[in-house]
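Following: one structure in structure tokens, then a few remarks.
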Amino acid sequence: MGDAFEFGFLGVAKDETEAVKWYRKAAEQNHAVAQHNMGCCYAWGQGVDKNYVEAVRWFRKAAGQNYAPAQRDLGVSYLEGHGVAKDYVEAVKWYRKAAEQSDAAAQTSLGYCYAGGQGVTKDEVEAVKWYRRAAEQNEAVAQYDLGNCYVKGQGLAKDYVEAVKWFRKAAEQGDTDAQTILGSCFVLGQGVAKDYEEGYKWMLLAAAQGDESAKKYATLMEAFMTREQIADGQKLARNFKASEIPAAGNDTSAAIIVQLRPESSGTGFFITEDGYLVTNEHVAGNGAQVRLVTEAGLISAKVVKMDAANDLALLKAEGKFAALPVASSRTMKMGSTVGTVGFPNIGLQGFAPKLAKGEIAALSGAQDDPKYFQISVPVQPGNSGGALVDQHGNVVGVVAAKLDAAAALTTSGALPENVNYAVKSSFLLGFLESVPDVSAKLKEPSTKDRKFEDVVKSAEEAAVLVLVY
């Protein structure tokens, strides 16, 4: 029940002034994303006169609510002296707050500060640490910077092979500097076998983006390349298509997510406060890249372990998160109240989390499969991987599937109505026991009676939208 992306037009003409009007209404109600958007509008002069002081005011409001993109942009303001006096120490402070929430751009900037000793004692090893964290989230600038560290031996041992690896990742995303230096690596045979056609290709791509040094090198290369080599290099450049894999840690507006075009989506939920989360194997199993939409922005997640037989996946993200306790499903009875918070049909219903509530309808799944509960919770595509919680706020299952409509129609002559399934938490616990570092960090199940509104709040705080690329 992953949610494939199909989006229509927003149905309105572009109007920056009107956008500012609505951002302001939300910002004045203390909505952090809108406050950050207001700051960006003032910083760039979109819909309002450019005003860095006003931009900083709005960035500060959102940053005070721990919104990572605003913390990052407040750091930029202090670094550049836009709207405030230049203060590298203050810039580092705000970069660090955002970087610790996995904002890739802030991690890159923090690495830059450590590399140059701006606002902090110069520390090339620490710079490499932050560059690597951002690079692993596909931040092209950080990948280029990390490659340069390998070339120069700054903060680590020189290694041209590793340098080429990171230059290539950045170049494939269209980073001009990375394309130029990668081209030179192919020409000189540094970290890679000499390949004039490939080197010429990268020089042409960088030159097409206005890099003057790449234009010069491409012209010089033509003097000692054959016509066939030149033609082959030009063909490679024409056929190049920049990667659309997104860098993590950026704003999570619907417009940005639509533009990046993930292949599918689902729901996940954190089970440890240091970033381990669970979703379905069928949600995350086929993705080359997985991103999570959190309050801190779009962050990267790595697949740690899969269990295809039970349709479970364990992922890991960097940061601190609200987590749910996992309880044994053996105590659940038919008729027990359960609920889930997830992200169904985001192309139609939007990106806000949605609650679905119901009961345990049966203690087994289709054809009496003991791995599943049948639930009357009305779930939709995109709910897959969400936590099924009991009245105490414990995870007792993982939302997994709907009864196949075609099969039901063939067998019974009627379409099923609200027949859905969740993997029992006892199978989840068995899966997690195979990863001792995780099972040791699980929260103790709750036995206290709670208002269902409080249970829903906890489930919402732990739930994340999972985007698969």
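Averaged per residue, what accessible area in Å² does the chain show with a 1.4 Å probe, protein chains only? Write out the running numbers ahead of the final one.
Numbers: 21870 Å² over 469 residues.
Per-residue accessible area for the chain comes out at 47 Å².
So, with +1 on the Cβ of K and R and -1 on the Cβ of D and E, and no other charges, what is the size of the charge dipole of segment 149-205 about its Cα centre, to the nearest 20 debye?
Details: 7 positive and 8 negative charges, 31 e Å.
Rounded to the nearest 20 debye, it is 140 debye.
Cα axis of helix 160-172 to longest principal axis of the chain: angle in degrees, 0 to 90, nearest 10?
On a 0 to 90 degree scale, this one is about 70.
What size of dipole, in debye to the nearest 20, comes out for the chain about its Cα centre when the only charges are +1 on Lys and Arg C-beta atoms and -1 on Asp and Glu C-beta atoms? Don't jump to the answer; show the numbers that get you there.
Details: 49 positive and 57 negative charges, 93 e Å.
Taking the Cα centre of the chain as origin, the dipole is about 440 debye.
Students often get this wrong, so check it: of Lys50/Lys215; Lys93/Lys316; Lys158/Lys316; Lys152/Lys316, which have C-alpha atoms separated by over 28 Å?
Working: Lys50/Lys215 35 Å; Lys93/Lys316 26 Å; Lys158/Lys316 30 Å; Lys152/Lys316 32 Å.
Result: Lys50/Lys215; Lys158/Lys316; Lys152/Lys316 exceed 28 Å.
With angles folded into 0 to 90 degrees, how steeply does helix 227-239 sit against the dominant principal axis of the chain? Use alpha carbons for both and round to 10.
With both axes taken from Cα atoms, the answer is about 40 degrees.
Of Trp58, Trp130, Gly189, whose Cα points farthest to the positive end of the dipole of the chain (charges on the beta-carbon: +1 Lys, Arg; -1 Asp, Glu; origin at the Cα centre)?
Trp58
Can you work out the Karplus-derived ³J(HN,Hα) for every residue in segment 75-81? Use 6.51 cos²θ - 1.76 cosθ + 1.60 with θ = phi - 60°, whole Hz, and x for glycine or proline.
Ordered by residue, 3J(HN,Hα) equals x, 4, 4, 5, 5, 8, x Hz.
What part of the accessible area of segment 302-349, given as a whole %, is carbon or sulfur when the probe is 1.4 angstrom? Write down the numbers at each step before the final one.
Numbers: 1200 of 2180 Å².
That share works out to 55 percent.
At 222 nm, what value in deg cm²/dmol follows for the chain if DSSP H runs of at least 4 each add -39500 (n - 2.57) and the sum is divided by all its residues, to the nearest 500? Display every interim value, and only then the final one.
Details: 20 runs with 210 residues, N = 469.
Computed mean residue ellipticity for the chain: -13500 deg cm²/dmol.
Place a point 7 Å from the Cα of Ala26 along the Cα-to-Cβ direction; which residues of segment 292-315 have their backbone N under 20 Å from it?
Zone members listed by number: 292-299.
Which whole-number percent of Cα pairs in segment 122-238 have a distance greater than 25 Å? Each step should come with its number before you reach the end.
Values: 1569 of 6786 pairs.
Here the long-distance tail beyond 25 Å is 23 percent of all Cα pairs in segment 122-238.
So which lysines pass the test for Lys357, namely a Cα distance under 24 Å, with those fewer than 8 places away in the same chain ruled out?
By straight Cα distance, Lys357 reaches Lys333, Lys371, Lys402, Lys424, Lys443, Lys448, Lys451, Lys457.
Arranged from highest to lowest average of other beta-carbon atoms within 10 Å per residue, in what order do the peptides 214-223, 314-323 appear? Don't skip to the answer; put the middle values down first.
Details: 214-223: 16.3, 314-323: 20.1.
So the peptides 214-223, 314-323, ranked by packing, come out 314-323, 214-223.
Can you tell me the alpha carbon radius of gyration of the chain divided by the globular rule-of-thumb value 2.2 N^0.38 Å? Present the calculation step by step, with values, prior to reporting the outcome.
Values: Rg = 25.2 Å, N = 469, 2.2 N^0.38 = 22.8 Å.
That works out to 1.10 for the chain.
With θ taken as phi - 60° and the coefficients 6.51, -1.76 and 1.60, list the Karplus ³J(HN,Hα) couplings across segment 451-461 in order, rounded to whole Hz; mark glycine and proline as x.
5, 5, 4, 6, 4, 4, 4, 5, 5, 5, 5
Excluding same-chain residues fewer than 8 positions from Lys165, which aspartates and glutamates have a Cα within less than 16 Å of its Cα?
Within reach: Glu136, Glu139, Asp145, Asp175, Asp177, Asp195, Glu198.
The values are calculated or read from the model by the stated rules, or taken from the named source; none is laboratory data. Treat the numbers as computed from the prediction; the structure is a model and nothing was measured. Counting neighbours? That spans all protein chains shown, and the Cβs are built from the backbone with ideal geometry, glycine included. Heads up: the accessible areas ignore ligands, DNA and RNA and are worked out on the full protein's heavy atoms, side chains in. Shrake-Rupley method; radii C 1.70, N 1.55, O 1.52, S 1.80 Å.
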